[in-house]
Amino acid sequence: MAATHDDKPKDRQDPAERANRADGKQRADERPSSAERRRAILNAALRCFSLRGYDATTMAEICKLAGVSTGSMYHHFDSKERLAAELYLAGVRSTQEHGLHALLAHRRTEDGVRALVRAYLDWVQAQPELARFLFAMRHAEFMESAEDELERMQTEAVETASAWMRARMESGELPELAPSVLRAVLYGPAAHFARRMLRGEADAEFELAKEQLATAAYAALRGLLASAQPEAISPAQIAARRAAMR
């Protein structure tokens, strides 16, 4: 029986037909994955929020910049509020991972503390738009829906960092501090400088300020440790005090 067009062996198919099939396969392979589309939407949202502000930005503008359809947008994020909340959580997750990676890479207490402060400032410098968004939007209304997830993320990050810090507190290398106080000592001055830097108001060169703030954080912890320890009294001082009491 003569072969029909559909029965044509693959090696005898027309070159144009093979080219069309190859081109179709290539286009399918080049289609962005769901994760890539989600990332593109988040990146576009950050850019739009940075240029126009959160309130003035529309979902249509984000769709256009991200190069996705409206259906794809709402498949990932059902509202601008949810999109903004997810962007905020992604930013927090990014800075946490960056800092923990830097901290856990060190065994020496001083090296770890200094690396943590450096990593935070390096992240801000590398992600200025996202850092501005995090600073500006912490108490925005859209964050109400993300509070539970944010608390969970922060608890996990604190527990991971606290395990490293706790070991050094128990060995006497760091002072016993509540997590909130420890965080304020480590990040307070650095965050103040970061805000000024993002506003273009920093009056110090970045690398120099970064090293100074890293040094200051460790010095503050050591200072608190020294102040918490009982004053050492020499035998001569003890004898002098006893004599004075007679």
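No lab work stands behind these numbers, since they all come straight from the coordinates. Note that the structure is predicted; figures quoted are calculated from it, not measured. Don't worry about glycine lacking a Cβ; one is built from the backbone with ideal geometry, like all the others, and counts go over all protein chains shown.
Per-residue Cβ neighbour counts within 10 Å put Lys64, Lys80, Lys210 in the sequence Lys64, Lys80, Lys210, beginning with the fewest. The Cα-based radius of gyration and maximum Cα-Cα distance (Dmax) for the range 81-229 are 15.8, 50 Å.
Below 12 angstrom from the Cβ of Ala190, what's the summed charge of the other residues (Lys, Arg +1; Asp, Glu -1)? Before the final figure, lay out the partial values.
Values: positive: Arg114, Arg118, Arg183, Arg195, Arg196, Lys210; negative: Asp122, Glu211.
Net of charged neighbours comes to +4.
Sequence-ordered 3J(HN,Hα) estimates for the range 123-138 from the Karplus curve with 6.51, -1.76 and 1.60 and θ = phi - 60° stand at 5, 4, 5, 7, 10, x, 5, 5, 4, 4, 4, 5, 5, 7, 10, 4 Hz, glycine and proline given as x. In terms of surrounding Cβ atoms within a 10 Å radius of their Cβ, His106, His101 rank from fewest to most as His101, His106.
So the label point goes 7 Å from the Cα of Ala167 along Cα→C-beta, right? Which residues of the range 105-120 then have their backbone N under 19 Å from it? In the range 105-120, the label zone of Ala167 (backbone N under 19 Å from the point 7 Å along Cα→Cβ) covers 105-117.
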